[in-house]
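Data block below; observations after.
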Amino acid sequence: MRKIILAAMLLASAIAGASAADGKLVVYTSQPNTDAQQTVGAFMAKYPGVKVEWVRDGTPKILAKLRAEIEAGQPQADVLLIADVVTMEGLKKEGRLLAYPEAEVSGIEAALYDKDKTYFSTKLITTGIVYNTKAPFVPASWEDLTRPEAKGLVAMPSPLTSGAAMIHTVTLTGNLPQGWNYYDALARNGAQASGGNGDVLKAVSGGDKLFGMIVDYMPLREKAKGAPIEFVFPREGVSAVTEPVAILSTARNADAAKAFVDFLLSKDGQQAAAKMGYIPARADIALPAGYPDRSSIKVLGYDAAAALANDAANKEKFGAVMSQ
């Protein structure tokens with residue numbers, strides 16, 4: 001009888017915990033619309049008492065909207081789910097993020113969340129090489145994009161317009177032995193840097209360019225639809241943005257915000273991310289179809305705090321090297 005009573009108490013406690021969060025939750029996100037809808041839908045299915053209102057745009061525009069609201073004394077968002085940790089580092093430095101020390105981070109490497117637990121990575125979106133099946137060779141290394149056969153055939157997103165591209169640039173220049181000379185070699189080989197990852201995908205899948213630097217999920221999704229492209233994780237390693245989630249210090253519904261964070265980091269939330277085609281942050285969740293084994297993907301080191309401090313200088317350097 002005691003076991004039955006104890007089990008009932010534990011069940012009641014679990015139900016109460018799952019349903020404690022209610023009311024309106026406002027999420028600002030840079031996820032693609034379809035992904036954002038799926039994320040919000042999965043969360044509300046588990047927390048039916050919470051009504052999520054979400055705003056979707058690119059990270060720079062989301063941040064501009066948030067800053068305008070802060071300036072007016074009326075920040076609307078409870079939660080941010082955006083592309084990169086550099087932005088989160090900046091907000092943390094300003095005291096804009098709420099620490100959540102009780103967040104459930106089981107199965108997630110410590111390097112993937114802030115040591116003070118103000119933001120948490122929800123997935124890994126790596127940048128590698130996409131190539132058209134008509135390309136003159138199969139690239140295996142970042143160095144391959146500087147080969148004579150690739151002259152004038154390489155496209156990449158510009159760090160001046162893409163946060164993920166800036167992280168990629170800082171990661172490569174900080175890890176490749178050539179440093180910034182690597183980008184100088186790309187420029188001399190006629191590599192074109194403009195727009196975002198979608199522009200690279202369009203150029204390479206359409207055959208205007210035959211090689212490109214791009215985030216992993218885009219070409220893998222398009223390949224599955226029949227596009228004449230392949231994706232490579234270069235042997236030196238890849239950069240990664242981690243789509244971190246954070247609760248704002250001005251959140252009006254902190255309980256629902258914490259529930260949202262916990263959901264994204266839970267097995268259910270991480271499996272939802274994998275179903276969308278992303279590498280989950282949790283090591284105990286299988287990768288989506290089309291990806292190699294997790295152990296074969298080498299993610300290069302990246303210092304978000306240093307990148308934040310050197311952002312303007314890095315953009316100036318890139319513009320000078322690529323003659324933009």
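The values are calculated or read from the model by the stated rules, or taken from the named source; none is laboratory data. Quick caveat: nothing in here was measured; it's all calculated off a predicted structure. Counting neighbours? That spans all protein chains shown, and the Cβs are built from the backbone with ideal geometry, glycine included.
Hey, among the residues in the range 296-324 that are of a type in the set (S, T, N, Q) and assigned to a helix (DSSP H, G or I), which one's surrounded by the most Cβ atoms within 10 Å (Cβ to Cβ)?
314
Among the residues of the range 139-151, are any on the phi > 0 side of the Ramachandran plot, surrounded by fewer than 17 Cβ atoms within 10 Å (Cβ to Cβ) and assigned to a loop (DSSP other than H, G, I, E, B)?
no
Of all residues in the range 304-319, count the ones that are more than 20 Å from residue 181 (Cβ to Cβ) and of a type in the set (D, E, K, R).
Of the residues in the range 304-319, 1 are more than 20 Å from residue 181 (Cβ to Cβ) and of a type in the set (D, E, K, R).
Go through (1) out of contact with any helix residue (DSSP H, G or I) (no Cβ under 6 Å at 6 or more places or on another chain); (2) among the aliphatic types (A, V, I, L, M); (3) touching a residue at least 60 places away in the same chain (Cβ under 8 Å); (4) under 21 Å from residue 24 (Cβ atoms) for residue 88 and report which single condition fails.
Residue 88 satisfies every listed condition except (4).
What pairs come out if I take residues in the range 301-324 that are closer than 20 Å to residue 238 by Cα and pair them with residues that are surrounded by fewer than 14 Cβ atoms within 10 Å (Cβ to Cβ) whose C-beta lies under 9 Å away, six or more apart or interchain?
As it stands, the answer is 301/111; 305/93; 308/93; 318/324, since those pairs meet every condition given.
Return the pairs, sorted by first residue and then second, in which the second residue is in a loop (DSSP other than H, G, I, E, B) and of a type in the set (D, E, K, R), the first residue lies in the range 146-162 and is closer than 10 Å to residue 209 by Cα, the beta carbons are less than 9 Å apart, and the residues are 6+ apart or on different chains.
These pairs meet every condition: 152/209; 153/209; 154/209; 155/208; 155/209.
Taking the conditions exactly as written (in a loop (DSSP other than H, G, I, E, B), of a type in the set (A, V, I, L, M) and under 14 Å from residue 260 (Cβ atoms)), does residue 77 satisfy them or not?
yes
Hey, residue 272 hits all of (1) of a type in the set (Gly, Ala, Ser); (2) under 30 Å from residue 152 (Cβ atoms); (3) crowded, with 19+ Cβ neighbours inside 10 Å but one; which does it fall short on?
Status for residue 272: all satisfied but (2).
If we scan the range 173-196, do we find a residue that is in the same structural domain as residue 224 (by TED's automatic domain parsing), closer than 24 Å to residue 290 by Cβ and surrounded by fewer than 20 Cβ atoms within 10 Å (Cβ to Cβ)?
Yes, the range 173-196 contains a residue that is in the same structural domain as residue 224 (by TED's automatic domain parsing), closer than 24 Å to residue 290 by Cβ and surrounded by fewer than 20 Cβ atoms within 10 Å (Cβ to Cβ).
Restricting to the range 32-57, name every residue that is touching a residue at least 40 places away in the same chain (Cβ under 8 Å) and part of a loop (DSSP other than H, G, I, E, B).
47
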